[in-house]
Amino acid sequence: MAAYGGDIIRFANEGLDSIQSQTRSQQEQYTEIWNNVHTQLFSLIEQGQVDASIGQVLNERDEQFRRESTGFDDGVTAQNTAMRDVQVIGNEGGAAMVRAAMGSGR
């Protein structure tokens, strides 16, 4: 933030932080949900309330979930890195504009 001619010039990009925080929270939530479902289903198998053959299907679905969620997580991580880069570029560009507006070339 800088003052120029009595006016305040401010470059804000806090919204990007919010997006990053929300996506990280969603990742944690869907993993927790799946882990709970997985645990409960295996518990039913161990108790004999569900046929044991379901266990093989459950293992296959667990492998699929882990594979797909890892790919999604990698994509989210790349997106968050890109957003941080945009923030840095925006901050640097904003500071340069403030310096130019104040008559300083540096």
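With at pLDDT 80 or above, among the polar types (S, T, N, Q) and exposed (fewer than 12 other Cβ atoms within 10 Å of the Cβ) as the only criterion, which of 29, 79, 22 stands out?
29
Starting from region 18-35, take each residue that is in contact (Cβ under 8 Å) with a residue 40 or more places away in the chain and closer than 16 Å to residue 70 by Cβ and list its partners that are surrounded by 11 or more Cβ atoms within 10 Å (Cβ to Cβ) and among the aliphatic types (A, V, I, L, M), counting only C-beta distances under 6 angstrom and pairs at least six apart or across chains.
Partner pairs satisfying both residue conditions: 23/76.
Do we have any residue at all in region 77-94 that's touching a Ser or Thr at 6+ places or on another chain (Cβ under 8 Å) and among the small types (Gly, Ala, Ser)?
For region 77-94, residues touching a Ser or Thr at 6+ places or on another chain (Cβ under 8 Å) and among the small types (Gly, Ala, Ser): absent.
Table: residues versus (1) exposed (fewer than 11 other Cβ atoms within 10 Å of the Cβ); (2) at pLDDT below 90; (3) hydrophobic (A, V, I, L, M, F, W, C).
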{"site": "36", "(1), (2), (3)": "yes, no, no"}
{"site": "55", "(1), (2), (3)": "no, yes, no"}
{"site": "60", "(1), (2), (3)": "yes, no, no"}
{"site": "106", "(1), (2), (3)": "yes, yes, no"}
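The values are calculated or read from the model by the stated rules, or taken from the named source; none is laboratory data. Quick caveat, the model's predicted, so the values are computed rather than measured. FYI the Cβ positions are ideal-geometry reconstructions off the backbone, even for glycines, and counts take in every protein chain you see.
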